[in-house]
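What follows is a short report on a single structure.
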Amino acid sequence: MHIPVLANEVIELLNLKPGDNAVDCTLGGGGHAGMILEKTEPDGKLLGIDTDPTKLSELQAEFDGSFPNRVTFVHGNFRELEKIVHERGFKNIRAILIDLGFSSLQMDDASRGFSFQEDGPLDMRLDPTTGPTAADLLNTAPEEDLANKIWEYGEERQARAIAKQIIKTRKAHPYTNTKDLVSTVLPFYGKFKWSRRHPATKAFQAMRMWVNDELGNLEFVIPQAMNVLDTGGRLAIISFHSLEDRIIKWKFRDLKKEGRAEILTKKPIVAEYEDVKANPRARSAKLRVIIKK
């Protein structure tokens, strides 16, 4: 079981007690889930949700062995949190965690299409059972939509030029693999001195966020989390993108103004130097937590 980003900070701020019930909306490799279950022993329950079904059954079997009769894992999107909670009859929820990051297993699997490091199908769906792939969008979306999404989600300064080139390229050679998108982006950085960040990073990030409607999911889940939490329960969200963090910050502020929540983290909690050194993907992680009134 991997050690997830900001693990100790999450557990401390969720303030879990023995017997507490919790929801992990982004189960991933089960790192946070395992720590939550240890903190809520002997009989606290956990509802785990993940939109990626790839490892879910294996994880269920593993946790059933380690924490018998305490876990329920569901393949689903956390944007349907209320529906999932009610269908499973999960009650008395004291903590909800949403980790918006990606696991190394997902990023490093070339067949998923998230990374430009190795060639693979241009998929990028977190849930490979539904919805359009990145290739579908690249091959069908209007130029204006491509430019807007690549700029908005990737903050890519060459967004309009890249979108224009995508339209030209797909007429002769429809997009199928990750190398196709990399090949489209690289010429715009021919005279650009590469830093640690690969020139295709922003375009890939933009397409992934678009394919999975990541910001839309976040907008949907926060009010639902507040509805299903017990009074005094805590909601913790880890983000990795400035757009995500902005949504969380303003949603939390609105809840405070409405008298529905107390903000525990006036400034987001970030990873310590040693954590970033051990896991470079932690460098952009930000944790915000509220208490339901």
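The values are calculated or read from the model by the stated rules, or taken from the named source; none is laboratory data. Treat the numbers as computed from the prediction; the structure is a model and nothing was measured. Quick reminder, even Gly has a Cβ in these numbers, built from the backbone with ideal geometry, and neighbours come from all protein chains shown.
Ile98 satisfies every condition listed in (1) more than 24 Å from the chain's Cα centre (by Cα); (2) at pLDDT 95 or above; (3) farther than 20 Å from Phe204 by Cβ except (1). Among the helices (runs of 4 or more DSSP H) confined to the range 122-202, there are none with at least 1 residues that are assigned by TED's automatic domain parsing to the domain that holds Pro53, surrounded by fewer than 21 Cβ atoms within 10 Å (Cβ to Cβ) and of a type outside the set (Val, Ile, Thr). Among the residues making up the range 217-233, those that are closer than 30 Å to Leu137 by Cβ, surrounded by fewer than 18 Cβ atoms within 10 Å (Cβ to Cβ) and in contact with a helix residue (DSSP H, G or I) (Cβ under 7 Å, 6 or more places away or on another chain) are Glu219, Phe220.
Whenever a residue of the range 1-24 is within 18 Å of Asp275 (Cβ to Cβ), it has no partner that is at pLDDT 95 or above and aromatic (Phe, Trp, Tyr) lying with C-beta atoms less than 9 angstrom away and at least six residues away or across chains.
To keep it simple, each residue is scored yes or no on (1) in the same structural domain as Tyr189 (by TED's automatic domain parsing); (2) over 21 Å from Leu27 (Cβ atoms); (3) touching a Phe, Trp or Tyr at 6+ places or on another chain (Cβ under 9 Å).
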| position | (1), (2), (3) |
| --- | --- |
| Met207 | yes, yes, yes |
| Gln224 | no, no, yes |
| Arg246 | no, yes, no |
| Arg253 | no, yes, no |
| Glu258 | no, yes, no |
| Lys267 | no, yes, no |
| Val276 | no, yes, no |
| Ala285 | no, no, yes |
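Could you tell me whether any residue of the range 41-50 is of a type in the set (Val, Ile, Thr) and touching a residue at least 40 places away in the same chain (Cβ under 8 Å)? No, the conditions are met nowhere in the range 41-50.
I'd like to know if the range 157-175 contains one or more residues that are closer than 19 Å to Phe102 by Cβ and either of a type in the set (D, E, K, R) or at pLDDT 95 or above (or both).
no
A residue that is among the polar types (S, T, N, Q), out of contact with any Asp or Glu (no Cβ under 8 Å at 6 or more places or on another chain), modelled with pLDDT of 95 or more and farther than 26 Å from Thr51 by Cα can be found somewhere in the range 222-239.
Select from the range 248-293 the residues that are in contact with a strand residue (DSSP E or B) (Cβ under 8 Å, 6 or more places away or on another chain) and of a type in the set (Gly, Ala, Ser) and write down the one among them that is modelled with the highest pLDDT.
Filtering the range 248-293 for residues that are in contact with a strand residue (DSSP E or B) (Cβ under 8 Å, 6 or more places away or on another chain) and of a type in the set (Gly, Ala, Ser), the one modelled with the highest pLDDT comes out as Ala261.
Are any residues in the range 90-123 among the small types (Gly, Ala, Ser) and touching a residue at least 60 places away in the same chain (Cβ under 8 Å), and if so, which ones? Ala95, Gly101, Ser103, Ser104, Ala110, Gly113, Ser115 - these are the residues of the range 90-123 that are among the small types (Gly, Ala, Ser) and touching a residue at least 60 places away in the same chain (Cβ under 8 Å). Scanning the range 227-256 for residues that are under 19 Å from the mean Cα position of the chain (by Cα) and assigned to a helix (DSSP H, G or I) yields Ser242, Leu243, Glu244, Asp245, Arg246, Ile247, Ile248, Lys249, Trp250, Lys251, Phe252. Checking each residue in the range 242-268 for being in contact (Cβ under 8 Å) with a residue 12 or more places away in the chain, out of contact with any helix residue (DSSP H, G or I) (no Cβ under 8 Å at 6 or more places or on another chain) and charged (D, E, K, R) picks out Asp245, Lys249, Lys256.
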